[in-house]
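One structure is given below, encoded as C-alpha cells.
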Amino acid sequence: MYELSIEDFTKFVVRQIENIGNVVLDNPDKEETFPLSVVNNAMQSIRRTEDNFPIFTRFSINIENWSNSKYEAMRMFHEVTRWLRTFNFTPVGAPIDTFDTVTRKYRYGGRYEVNYNGLTNSFERIKH
C-alpha cells in the first residue's frame with residue numbers, strides 16, 4: 001500500500017513527459033527555451049479510505065504546451081495525451097487555447113484526470 005502525495009504525483013507526470021521536451025512548473029518568461037510544457041495545478045480528491053488510509057484517490061493536473069506555432073503546441077498536446085493514456089490518464093474539459101502576449105507564444109493544453117489505487121499502487125481509468 002502506498003499513499004501518493006500531490007508532490008509525488010506531479011513528479012511522476014513531469015518525468016513521464018520530459019521525453020517530449022522541456023518541462024517547467026510555472027508559466028515561463030521570455031528567456032525560457034521553447035517549445036516547452038508547463039505542468040501545474042495538481043489536485044487530489046480522496047474518494048475512499050480504509051482505516052484512515054486513502055485507498056482510492058482521483059488526481060487531476062493541468063498541462064499546457066507552449067510554442068511559436070499553434071500547430072506545434074497542438075502536436076505536443078497530442079503527444080502528451082497519447083503518452084499519458086498509457087498510464088490511464090484522461091483529458092477532461094475544454095482545451096486551453098490561448099496566445100500569451102508576454103512571451104508571444106501559443107499555449108495549447110488541458111486538464112488530465114486519473115484514479116489512483118493505493119492498494120495496488122496503480123493508476124486506473126476514469127469511468128464516465
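The values are calculated or read from the model by the stated rules, or taken from the named source; none is laboratory data. Nothing here was measured: the structure is a model prediction, and the numbers come from that model. As a convention, Cβ positions derive from the backbone with ideal geometry for all residues, glycine included, and neighbour counts pool all protein chains shown. Accessible surface is based on the protein model in full, side chains and every heavy atom, while ligands, DNA and RNA are left aside. Shrake-Rupley method; radii C 1.70, N 1.55, O 1.52, S 1.80 Å.
Structure data summary
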| quantity | calculated |
| --- | --- |
| Residue in region 77-91 that is more than 22 Å from Asn19 (Cβ to Cβ), assigned to a strand (DSSP E or B) and at pLDDT 95 or above present | no |
| Residue in region 3-13 that is open to solvent by 40 Å² or more (accessible area, probe 1.4 Å), of a type in the set (Ser, Thr, Tyr) and not in a loop (DSSP other than H, G, I, E, B) present | no |
| Residue match in region 15-29 (condition: under 21 Å from Gly109 (Cβ atoms), surrounded by fewer than 12 Cβ atoms within 10 Å (Cβ to Cβ), at pLDDT below 95 and out of contact with any strand residue (DSSP E or B) (no Cβ under 9 Å at 6 or more places or on another chain)) | yes |
| Region 100-120, residues that are closer than 17 Å to Ser60 by Cα and part of a loop (DSSP other than H, G, I, E, B) | Gly118 |
| Number of the condition not met by Trp66 [criteria: (1) touching a Lys or Arg at 6+ places or on another chain (Cβ under 6 Å); (2) within 21 Å of Val114 (Cα to Cα)] | (2) |
| Count of residues meeting criterion [open to solvent by less than 70 Å² (accessible area, probe 1.4 Å) and of a type outside the set (D, E, K, R)] in region 75-97 | 12 |
| Only one of Ser69, Ser60 that is polar (S, T, N, Q), open to solvent by 40 Å² or more (accessible area, probe 1.4 Å) and either in contact with an Asp or Glu (Cβ under 7 Å, 6 or more places away or on another chain) or more than 18 Å from Leu4 (Cβ to Cβ) (or both) | Ser69 |
| Matching residues in region 31-51 - criterion: being open to solvent by 60 Å² or more (accessible area, probe 1.4 Å), farther than 20 Å from Val14 by Cβ and in a strand (DSSP E or B) | Ile46, Arg47, Arg48, Thr49, Glu50 |
| Scan of region 100-116 for residues that are touching a Phe, Trp or Tyr at 6+ places or on another chain (Cβ under 9 Å) and either without any contact (Cβ under 8 Å) to a residue 24 or more places away in the chain or surrounded by 17 or more Cβ atoms within 10 Å (Cβ to Cβ) (or both), ordered by number | Thr103, Lys105, Tyr106, Arg107, Tyr108, Gly109, Gly110, Tyr112, Glu113, Val114, Asn115, Tyr116 |
